[in-house]
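Here's the structure, in structure tokens; my notes come after.
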């Protein structure tokens, strides 16, 4: 078994992200090592699709390490990331007698991890939590950093908490079973992290995508090191800004992780969380943020072309030209990242150099034109 370990000192916690091939069979041993002997029962939250693929292996590993397991399956999809689903999850934990000394495991993608983590944060004012991410998006981003929560009718991730996991176990073998669109969504998140992280990470990601373009997901040492590099980047941002301070606007604020998310979240909301995978919406959001960066004189055209080329390598994005531009602008004004009544945009000065820009510095008519121009272009042009 090969794995890479990344320490995430998020006060008052310090946990590890394990990245490797074929490590689900060792999940019980790794979780036992971190939770200790006092934890006897674990609740496992997943969805039907993921549970059918990996549930038996994970449960067998957990039981072999002495844990008693109670499993509950939630619906599959962003629309199930709701307070109603959380209430059902909390009722399940209560009915199965989960106590403060017990724990909860989230097995699945970002939706499952967010909801399971939020339930763990709320139940009995907080119980131990383990992330076992099975999608590319969740392995490089969603499972790291302790942000958990659900959507409200007024917008995405409006109800949430910071609840750090005790360990993250990312088995790359799970990526082999992902459909093409899930991979596209994940690679868009990787391009996002490279674009705001460093030229080295961006190039490492683009080089991998260029070399494997058109191929099925191949689990290799190269992929292992790439996923670990993305995890290390996310961990470095979390380490420096655990709770995303609203006062920070520097290039290593946790808020830079929202690059592409302002319009991305609006697209998800306006289509009822049914048309776009999260990463796909972020792909469109990055294209718009890049265009804005160029129009404001921040980003050179050559850098914008690098960003566009990286997004194209991720795969085709769902059509978005039919979505009303004024509706997008309205949704953007409700963005949860507002500060003092203004939307805070994450833009680029160059690949690897993000910049926070106050919404009052962006002309609304120019923004409307940019959104229309970007969404009406096919992303494969």
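We did not get these values from a lab; they are worked out from the coordinates using the rules stated. Keep in mind that what you see is a predicted model, and the values were worked out from it rather than measured. Every residue, glycine as well, gets a Cβ built from its backbone with ideal geometry; the counts of neighbours run over all protein chains shown.
Expressed in nm to one decimal, what extension gain is obtained for the pair residue 225 and residue 210 from 0.36 nm per residue of sequence separation less their Cα-Cα distance? Don't skip to the answer; put the middle values down first.
On the way: separation 15, 0.36 × 15 = 5.40 nm, distance 1.63 nm.
Length gained, residue 225 through residue 210: 3.8 nm.
What are the radius of gyration and Dmax of segment 180-375, computed over its Cα atoms and given in Å?
Cα-based Rg and Dmax for segment 180-375 come out at 16.0, 48 Å.
Looking at the P(r) of segment 235-281, how many percent of alpha-carbon pairs lie beyond 13 Å?
Working: 627 of 1081 pairs.
Beyond 13 Å sits 58 percent of the P(r) for segment 235-281.
Compute a Gaussian network model of the chain, connecting alpha carbons closer than 10 Å, and tell me which residue from 284, 72, 345 fluctuates the most.
72
If you build the convex hull over the alpha carbons only and average its shadow over all orientations, what do you get for segment 2-177? Give it in nm² to one decimal. Please report the intermediate quantities before stating the final value.
Values: hull surface 35.9 nm².
The number I arrive at for segment 2-177 is 9.0 nm².
Looking only at segment 2-177, where both bridge partners belong to it, what percent of the DSSP beta bridges are antiparallel (to the nearest 5)?
The antiparallel fraction comes to roughly 35 percent.
With a cut-off of 11 Å, note down the residues of segment 289-316 whose backbone N falls inside the zone around a label point 7 Å from the Cα of residue 180 toward its beta carbon.
Residues 315-316 fall inside that zone.
Could you tell me the relative contact order of the chain? Use alpha-carbon pairs under 8 Å, at least six residues apart, and round to a whole percent.
On the way: 734 pairs, mean separation 58.4, N = 381.
That works out to 15 percent.
Over segment 104-243, what is the mean sequence separation of C-alpha contacts under 8 Å (at least six apart), divided by residue count, expressed as relative contact order in percent?
23
Give the calculated FRET efficiency between residue 5 and residue 218 to the nearest 0.05, with a Förster radius of 22 Å applied to their Cβ-Cβ distance.
On the way: r = 23 Å, r/R0 = 1.06.
Rounded to the nearest 0.05, the efficiency is 0.40.
Hey, could you get me the Stokes-Einstein D for the chain, Kirkwood radius over alpha-carbon pairs, 25 °C and 0.890 mPa s, rounded to whole µm² s⁻¹? Please report the intermediate quantities before stating the final value.
Working: Rh = 20.9 Å.
Taking Rh from Cα pairs, D becomes 118 µm²/s.
Mean shadow of segment 61-145, computed from the convex hull of its alpha carbons, in nm²? Write out the running numbers ahead of the final one.
Values: hull surface 22.6 nm².
Result: a mean projected hull area of 5.7 nm².
By DSSP, what percent of the beta bridges with both residues in segment 76-224 are antiparallel, rounded to the nearest 5?
Working: 5 of 14 bridges.
Taking every DSSP beta bridge within segment 76-224, about 35 percent pair in antiparallel fashion.
Fewest to most neighbouring Cβ within 10 Å: what's the order for 278, 163, 225?
Values: 278 27, 163 22, 225 14.
Fewest-to-most ranking of 278, 163, 225: 225, 163, 278.
Looking at the P(r) of segment 32-88, how many percent of alpha-carbon pairs lie beyond 13 Å? Intermediate results must be reported in sequence, preceding the final value.
On the way: 1039 of 1596 pairs.
Summing the P(r) tail past 13 Å for segment 32-88 gives 65 percent.
Relative to a virtual label point 7 Å from the Cα of residue 40 in the Cα→beta-carbon direction, which members of segment 51-86 show backbone nitrogen distances below 19 Å?
62-71
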